[in-house]
Amino acid sequence: MRSFILDCSVTMSWCFEDESGKYAASVLDAMADAEVQVPSIWPLEVANVLLVAERRRRITPVASAVFIRHLSGLPITVAPRVHDLFARVLPLARSAGLSAYDAAYIELAQETCLPLASQDRAMRTAARKVGVELFAT
C-alpha cells in the first residue's frame, strides 16, 4: 500500500475540468490502494477555493456539495495538527518564498517521511530543496 501527502492543488484539479490533467488523475487512481494524509488546514483550503469559485460563478453551491461528498468518500486522513508550526513551518515558508499554508504540506511530508503529491511548481521546488520526495504515479 502506498502512502503520500496530498495537497490542495491536486485536490481542486479534480473539481475543475480546466485544471485537470494526467498527474492529478493518476494521483486519484493511486488513492484506491493508498493511505493519504493532509495537514489540518486542508479542509479550510478546499472550502475557501470552493467559496471563491462560487462567488465568481465558476461553480454552484450544489456542485460544491457534490464535490465535498466525493472527497468524503476518499481515503484521506486529516493530520490532527500542524507539527512545530513556529519552529518549522514559518522558517520553511520564509526560506522557500511559500505561504505558511503551502509550507504546512511540506512540513507534514518531512514529519511523516512521505512523498508529496502536488502540482504547484513552487511547492515542488521547495520540497525537493529540503529533501522531500515527490509522489510519482
Q.
Looking at VAL82, VAL89, VAL132 in this structure, which one is in a helix (DSSP H, G or I), surrounded by 12 or more Cβ atoms within 10 Å (Cβ to Cβ) and either at pLDDT below 95 or out of contact with any His (no Cβ under 9 Å at 6 or more places or on another chain) (or both)?
A. VAL89
(Q) Just the residues that are surrounded by 13 or more Cβ atoms within 10 Å (Cβ to Cβ), under 18 Å from TYR105 (Cβ atoms), of a type outside the set (Asp, Glu) and modelled with pLDDT of 95 or more, please, taken from region 40-59. (A) TRP42, PRO43, VAL46, ASN48, VAL49
Q: Would you check if there is a residue in region 74-85 being closer than 27 Å to LYS22 by Cβ, more than 13 Å from the chain's Cα centre (by Cα) and not charged (D, E, K, R)?
A: yes
Q: Kindly list, by first and then second residue, each pair from a residue in region 14-42 that is on the phi < 0 side of the Ramachandran plot to a residue that is of a type in the set (Lys, Arg), limited to pairs with Cβ atoms under 7 Å and residues at least 6 apart or on different chains.
A: ALA30/ARG2; ASP33/ARG2; ALA34/ARG2; SER40/ARG81
Q. Of all residues in region 34-73 being polar (S, T, N, Q) and either assigned to a helix (DSSP H, G or I) or closer than 16 Å to LEU6 by Cα (or both), which is nearest to the chain's Cα centre (by Cα)?
A. GLN37
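The values are calculated or read from the model by the stated rules, or taken from the named source; none is laboratory data. Worth saying up front: this structure is predicted, and the values here are computed from it rather than measured. Here the Cβ is made from the backbone with ideal geometry for all residues, glycine too, and neighbour counts use every protein chain on show.
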